[in-house]
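The values are calculated or read from the model by the stated rules, or taken from the named source; none is laboratory data. Since the model is a prediction, treat every value here as computed from it, not as a measurement. Quick reminder, even Gly has a Cβ in these numbers, built from the backbone with ideal geometry, and neighbours come from all protein chains shown. Surface accessibility is based on the protein's heavy atoms, side chains included, excluding ligands, DNA and RNA. Shrake-Rupley method; radii C 1.70, N 1.55, O 1.52, S 1.80 Å.
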Amino acid sequence: MQGGVSNGSLRRLTLGLELRLDVVVASASFAVVAVLGFADGGYLQRTWRLSLLALLAMVGAALLARGRITLRRSGLWMVGALTALASWTALSTIWADVPTMPPPEAERTLLYAVAVLAVLLGCSKSSLPYLLGGALAGVTADCA
């Protein structure tokens with residue numbers, strides 16, 4: 001592994017710091033849920049593009065940081081199906097009564113696909129409880 005030594009779920013960085021994947025997953029989950037919750041629950045269109053960029057950055061970081069990533073076929077089908085739905089929604093601009101409506105909906109569906117991809121790439125089986133705990137903490141922060 002380049003740039004550090006890997007030891008299970010611990011990764012020793014070149015600075016001598018230990019970075020636990022569990023803590024990163026919980027923090028990222030908390031941040032996404034809390035920030036989207038504070039931004040009107042992600043309901044309004046203005047939050048989708050920034051959320052999409054943030055999740056794409058998380059996907060990129062997961063691809064760079066993790067040594068070996070294995071995805072189950074069902075996860076790939078889920079991402080593929082959501083991407084196909086986003087494409088179909090964008091294509092429906094051709095026959096829509098209001099042609100300005102489908103592109104934002106396609107963007108929202110693409111956001112769902114990237115969120116699923118971020119979870120699949122960023123989490124391992126052992127870090128799933130931390131993902132759920134971070135999401136719960138984010139919901140709690142939104143409600144407080």
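Here is the figure for region 79-92: residues that are surrounded by 15 or more Cβ atoms within 10 Å (Cβ to Cβ) and free of Cβ contacts under 8 Å to residues at least 24 places away in the same chain total 3. For region 45-62, the condition of being of a type outside the set (Lys, Arg), in a loop (DSSP other than H, G, I, E, B), open to solvent by less than 60 Å² (accessible area, probe 1.4 Å) and out of contact with any Lys or Arg (no Cβ under 9 Å at 6 or more places or on another chain) holds for none of the residues.
Residue by residue, here is whether (1) in a loop (DSSP other than H, G, I, E, B); (2) farther than 30 Å from ARG20 by Cβ; (3) open to solvent by less than 50 Å² (accessible area, probe 1.4 Å); (4) not small (Gly, Ala, Ser) holds:
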residue: ASP97; (1), (2), (3), (4): yes, yes, no, yes
residue: ALA106; (1), (2), (3), (4): no, yes, yes, no
residue: LEU110; (1), (2), (3), (4): no, yes, no, yes
residue: VAL116; (1), (2), (3), (4): no, no, yes, yes
residue: VAL119; (1), (2), (3), (4): no, no, no, yes
residue: LEU136; (1), (2), (3), (4): no, no, no, yes
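Taking region 121-134 as the range and being part of a loop (DSSP other than H, G, I, E, B) and over 13 Å from the mean Cα position of the chain (by Cα) as the test, the residues that pass are SER124, LYS125, SER126, SER127. Checking each residue in region 124-134 for being open to solvent by 20 Å² or more (accessible area, probe 1.4 Å) and of a type outside the set (Phe, Trp, Tyr) picks out SER124, LYS125, SER126, LEU128, PRO129, LEU131, LEU132, GLY133. As a summary of the residue check, LEU76 satisfies the conditions (1) open to solvent by less than 60 Å² (accessible area, probe 1.4 Å); (2) of a type outside the set (Phe, Trp, Tyr); (3) part of a helix (DSSP H, G or I) except for the one numbered (1). Out of the residues in region 25-40 that are open to solvent by 50 Å² or more (accessible area, probe 1.4 Å) and within 14 Å of ALA135 (Cβ to Cβ), state the one that is modelled with the highest pLDDT. Filtering first and then ranking leaves PHE30.
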